[in-house]
There are 2 protein chains.
Amino acid sequence: MPKVPTDIEIATDAEIKPIKEIADKIGLTEEEWEPYGKHKAKISLSTLERLKETPDGKLILVTSINPTPAGEGKSTVTVGLGQALNRVGHKAVVALREPSLGPTMGIKGGASGGGYAQVIPMEDINLHFTGDIHAITTANNALAAFIDNHIFQGNECEIDARRIVWKRVVDLNDRALRNVVIGLGGSKQGVPREDGFNITVASEIMAIFCLAKDVADMRHRLAKIVVGYQADSTPITVADLGVEGALTLLLKDAIMPNLVQTLENTPAIIHGGPFANIAHGCNSLLATKMASKLGDYVVTEAGFGADLGAEKFLNIKARIGELDPKAVVIVATIRALKLHGGVDQAALKEENLKGLQAGMKNLKKHMETIEAFGLPFVIAINRFVTDTDSEVDYVTKWCEQHGAQVALTEVWEHGGAGGIDLAEKIVEITNDKSSHFQPLYDLEETIEDKIKMIARKVYGANGVQFTPQAKQQILEMTANGWDHLPICMAKTQYSLSDEPTLLGRPENFEITVRELRPSIGAGFLVALTGDVLTMPGLPKEPAALRMDVDEKGNALGLF
Amino acid sequence: MPKVPTDIEIATDAEIKPIKEIADKIGLTEEEWEPYGKHKAKISLSTLERLKETPDGKLILVTSINPTPAGEGKSTVTVGLGQALNRVGHKAVVALREPSLGPTMGIKGGASGGGYAQVIPMEDINLHFTGDIHAITTANNALAAFIDNHIFQGNECEIDARRIVWKRVVDLNDRALRNVVIGLGGSKQGVPREDGFNITVASEIMAIFCLAKDVADMRHRLAKIVVGYQADSTPITVADLGVEGALTLLLKDAIMPNLVQTLENTPAIIHGGPFANIAHGCNSLLATKMASKLGDYVVTEAGFGADLGAEKFLNIKARIGELDPKAVVIVATIRALKLHGGVDQAALKEENLKGLQAGMKNLKKHMETIEAFGLPFVIAINRFVTDTDSEVDYVTKWCEQHGAQVALTEVWEHGGAGGIDLAEKIVEITNDKSSHFQPLYDLEETIEDKIKMIARKVYGANGVQFTPQAKQQILEMTANGWDHLPICMAKTQYSLSDEPTLLGRPENFEITVRELRPSIGAGFLVALTGDVLTMPGLPKEPAALRMDVDEKGNALGLF
């Protein structure tokens, strides 16, 4: 196989078009977008108003099987499918998440697709982009400062300093900030208390940003954030502090979706990027809606595998946004399937048909999940250079034997040309099969029942154990009237169960819900099934050590 | 006097021109600027290369007498003078600092001039602007994360965790973060240690950003930052950690100066905004140089009064940047002069000629200081609505009797038209009188001698006391080879002395240097004469409580 240049080499060599050409291509008027540099733009929310009678483009969700730590290439397939749909005569728009600087500086070095299926300008997208995440960081930390100042200035709201749940954030991997004590130094410096920092993308404000229908709805959701409790457990909200207006002001420009392009000049809207554990892991609702008004196909993705990202996309985001997804792409890789079949991590590059066969059950479960939501799907085999023809043939035939559409995708190596088969099959099933999308549970069901439904239908669990703490929290949340919100599951992405080492398709297991956290502004309850890392750490050799700027001002070390 | 609308009303009603027109007016080519929205742009540093043979425009520094807590209107006079110079036939460019969000959300509500002498779009400038300060926050905190990670991963550099001097930052007023303990939670979460946060504009990276001559120089200065010490007091730098490239990458776009306009469409370059105590308090050197290549006059300002901002502009920034200032404007207000004459703060709005007379000595000292630097000056009386004609006449005659040029400026009320007299006098003295600018001390002098020179010549002190701690630090800094750097004095802005209540022109006093802090990357040593607040707190009723977004998406509550 020929050598493919690095992502940054491909991105730098790309023939990028002025953003005006991309804006013109999707019919934006001059008043509807603002340039941020020559190759990025923000799209005014007034565009949605102008196009409210325009029929929505067909919404395609890209998800995957349970991933390996390296990921299965969902973003790459999403970008590549968008490019391929354009090659077969459609006006596709790609809708992706914004990368967080934490992982970029830490391990990943970038998150904007890969190979010949990237969004560009990749160095801008991977660094500060249009400043959305910085605006969220600022709003989050301004709220934290308002809370501590409120207590310092007399604590009119009688917030119990031991029960403040609002944490500060940085958009970096910084483990030293996970557990801190603040307000030290004497009576002029604040009130000492235990605290901690999250990474910005784990902030409830990021989740709100991604679920808001418009600026007024964002303001309304910000006002509902619970920041802490009084001694008698009465919740204190942002509205009690009176700062929802200031927080909205800090986010008023960021909330406009960002327009960029792929390597093949396909329009791409990149906006919002919440964690897929403590939050729902999808790009902003406004970006998805905008893309669906501007393209005849919208290709978007959700974090982690179908048991997490797709479940939350469909039960939370699609429900809140009244989205009508038409089809799902389930990305599978030969190496992840082999891992699920019991093959050792170190041996994944070697052909192993028996291991592959044993791992197909993981894919099978996710196919059943998507069917349970009433959606047609295509399986995309995201080919790696180490995959053998026999392995690819095996998976292709397995899919056909199970009545599933399957397409070999080589978008990393060939761009849109490597995704034509996938694109054609997507067009076919969205034309032929009608989707019958419906969420898996009703909001009126109890908190326990909603969690049990997800565990049984999506994870294949026999049942759910609730710890005494979780039971108590469910009682309190129900008493507070929060029980009719959707559930945001926080679970390991590596297994269908809550135990990361249980690969394949675990059977006869229960999951344990240890804790529940209210995200009332975002509009969901987080159910935690294990330790959830909301502030990553840096590795011994961070990607940052390789980063620099060359003499021409170009970025080095992003990939 | 007719009612003047609020700043935000004036700014919103202004006839703002597309930034392309402003860029065209100063001769930028299409390749030399990038739009950030319709009314902001970043100017490529390549512009300086193209114009390197172009003669510099005349550089005018705006400073003031020792201010009252409300400030004396330096930014307003700077903007108004730029507008007035354009009205009298020149191509003036204004060069200002970027506002910090901390004071904006806290007390000030904005910092972009006032009345009819403002830079616009004021709401953008006062909120996230083009993201420069967020980039600095991120670079600062990335470095902090790299330091703690280095220690966590084995501490190859043998940094003494008790002697880390690099602090994290937020661009907010947040007193609860002044003194914290981080790294708690057990051996997986880091190494516990005392720490604290500064406001971003007090960061050494902000000072570096404002003194760098180009990207390579910025990278070189970032590498020299001292982050802490080994147990034997050997300094550990960013270069030792190997992350100067990553920090440069995070700042590569921010370092390009920002172009906006005034209410009268005068080009304005707004870039960088370091604190005037722990740092030098001037906008970026690159912005000043850029403005001097693009206009025939450059009007810029320095923080606080002439004893702090102007002294540091002239001894630090002008020296490092090889700037050649041609004249100084000393802004004086009737109310501040009365305060210096012993009038009670509550009675400043009432006519009081005797108090005014007694306060002139503060102005006199600053006139002598500017003369000591070899620079001609004009005194600008920044008129307030409560000033009486008798008071204005008194100051005018006093200046004439003392051989000083004086101009009544009413730019707040009348825009550029209210600054014609000031503009004409500036043109006159920059044509007639030749400036003989030279810094007050040689870099080769000892640390003590440089501080003593500033104290005697600029403050009028008899001498300088050094605490035992300061003496020890001077020994250590000299041993480290840092003694030939300029001095950045951190002193109260309210008095010529280091005692804030000593108004007027104190005599027979000494100042006490308590501590020295190295800013080796920025390229100066900070001498602290009292408590320096590097993290402000919020008031009981923060400005944020009035902020909101209206139905059309406009900002409310900025002023």
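The values are calculated or read from the model by the stated rules, or taken from the named source; none is laboratory data. Model, not experiment: these values are computed from the prediction. Here Cβ is always computed from backbone atoms with ideal geometry, including for glycine, and neighbour counts include all displayed protein chains. When the accessible area is computed, the model is the full protein with side chains, heavy atoms only, and any ligands, DNA or RNA have been set aside. Shrake-Rupley method; radii C 1.70, N 1.55, O 1.52, S 1.80 Å.
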Could you do me a favour and compute the accessible area per residue for the protein assembly as shown, 1.4 Å probe, result in Å²?
35
What is the mean number of Cβ atoms from other protein chains located within 10 Å of the Cβ atom of each residue in peptide B:551-559, rounded to a whole number?
3
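Give the A-B buried accessible area in Å², both sides summed, 1.4 Å probe, nearest 100. If you can, show how the numbers build up before the last one.
Working: alone 22150 and 22220 Å², together 38750 Å².
For chain A against chain B, roughly 5600 Å² becomes buried.
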Sequence neighbours fewer than 8 away in the same chain don't count; with that in mind, list the lysines whose C-alpha is under 17 Å from B:Lys471.
B:Lys450, B:Lys452
Using the 7 Å Cα-to-Cβ label point, sort the distances from B:Glu424 to its equivalents in the other copies shortest first and give them in nm to one decimal.
8.1
If each of B:Lys471 and A:Glu31 carries a label point 7 Å out from its Cα toward its Cβ, how far apart are those two points in nm?
7.3
Counting only DSSP beta bridges with both residues in the protein assembly as shown, tell me the antiparallel percent, nearest 5.
45
Ordered by number, the residues of the range B:115-133 with at least 10 Å² less accessible area in the assembly than alone (1.4 Å probe) are B:Glu123, B:Asp124, B:Leu127, B:His128
Positive dipole terminus of the protein assembly as shown, leading residue within A:Gly374, A:Leu533, B:Ala287 (C-beta point charges):
A:Leu533
In the range A:488-559, the trypsin sites (Lys or Arg not before Pro) that sit in a DSSP loop and have at most 11 other Cβ atoms within 10 Å of their own Cβ are A:Lys540, A:Lys552
For the range B:218-272, just list the percent of Cα-Cα distances falling in each 5 Å bin from zero outward, please.
4, 18, 17, 14, 12, 10, 8, 7, 5, 3, 1, 0
Unit charges on C-beta of K, R, D, E only; dipole of the protein assembly as shown, Debye
860
If you take every residue apart from A:Ile125 with its C-beta less than 9 Å away from the C-beta of A:Ile125, what net charge results, scoring Lys and Arg +1 and Asp and Glu -1?
-2
Flagged links, alpha-carbon separation over 28 Å, of B:Lys74/B:Lys326; A:Lys252/B:Lys74; A:Lys20/A:Lys58; A:Lys52/A:Lys312; B:Lys74/B:Lys365; A:Lys20/B:Lys552:
A:Lys252/B:Lys74
Stretched out fully, how many nm does the piece from B:Lys354 to B:Gln401 gain, at 0.36 nm a residue minus the Cα gap?
15.2 nm
Give me the extension gain from A:Glu424 to A:Thr386: residue separation times 0.36 nm, minus the current Cα-Cα distance, reported in nm with one decimal.
11.1 nm
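Would you mind counting up the charge near A:His414? Only other residues with Cβ under 13 Å from its Cβ, with Lys and Arg at +1 and Asp and Glu at -1. Could the numbers behind the result be given before it?
Numbers: positive: A:Arg87, A:Arg383; negative: A:Glu264, A:Glu410, A:Glu413, A:Asp421.
Summing Lys and Arg as +1 and Asp and Glu as -1 gives -2.
Could you tell me whether the range A:179-239 comes out rounded, prolate or oblate from its Cα gyration tensor? Rule is a ≥ b ≥ c as square roots of the eigenvalues, rounded for a/c under 1.5, then prolate if a/b exceeds b/c, otherwise oblate.
Values: a/c = 2.65, a/b = 1.76, b/c = 1.51.
The shape class here is prolate.
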Of the trypsin sites (Lys or Arg not before Pro) in the range A:1-74, which ones lie in a loop per DSSP and count no more than 16 other C-beta atoms within 10 Å?
A:Lys3, A:Lys52
Buried on assembly, the range B:8-48 (at least 40 Å² less accessible surface than by itself, 1.4 Å probe):
B:Glu34, B:Pro35, B:Tyr36, B:Gly37, B:Lys38
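Whole number please: convex hull volume per residue of the Cα set in chain A, in Å³? Spell out each step's value before the answer.
On the way: hull volume 84.3 nm³, N = 559.
Each residue corresponds to 151 Å³ of Cα convex hull volume.
Can you send over the carbon and sulfur percentage of the accessible area for the range A:312-389, probe radius 1.4 Å, protein chains only? Show your work: numbers first, answer last.
On the way: 1230 of 2600 Å².
Within the range A:312-389, the accessible surface is 47 percent carbon and sulfur.
Computed FRET efficiency, Cβ-Cβ of B:Gln438 and B:Lys52, R0 30 Å: what is it to the nearest 0.05? Each step should come with its number before you reach the end.
On the way: r = 24 Å, r/R0 = 0.81.
With R0 = 30 Å, the Cβ-Cβ based efficiency is 0.80.
Would you calculate the volume per residue, in Å³, of the smallest convex hull containing every Cα atom of the range A:47-128?
On the way: hull volume 11.3 nm³, N = 82.
Convex hull volume per residue, Cα atoms: 138 Å³.
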For the range B:508-549, list whatever residues lose no less than 30 Å² of accessible surface once every protein chain is in place, relative to that chain by itself, with the probe at 1.4 Å.
B:Leu538, B:Lys540, B:Ala544, B:Leu545, B:Met547, B:Asp548, B:Val549
Mean residue ellipticity at 222 nm from the helices of chain A, using -39,500 (n - 2.57) per DSSP H segment of n ≥ 4 over the full residue count, to the nearest 500 deg cm²/dmol?
-9500 deg cm²/dmol
How large is the charge dipole for the range A:83-175, taken about the Cα centre, if only the Cβ atoms of Lys, Arg (+1) and Asp, Glu (-1) carry charge, to the nearest 20 debye?
460
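Using DSSP, restrict attention to beta bridges with both residues in the range A:121-279 and report what percent are antiparallel, rounded to the nearest 5. Don't jump to the answer; show the numbers that get you there.
Values: 11 of 14 bridges.
Percent antiparallel among DSSP bridges in the range A:121-279 is about 80.
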Simple Cβ-charge dipole of the range A:133-251, Lys/Arg +1 and Asp/Glu -1, about Cα centre, in debye nearest 20
260
Please sort by residue number the GluC sites (Glu not before Pro) in the range A:1-41 whose DSSP state is loop and whose Cβ has at most 12 other Cβ atoms within 10 Å.
A:Glu15
Charge tally in the Cβ shell below 12 Å around A:Glu444, where Lys, Arg are +1 and Asp, Glu are -1, A:Glu444 excluded
-3
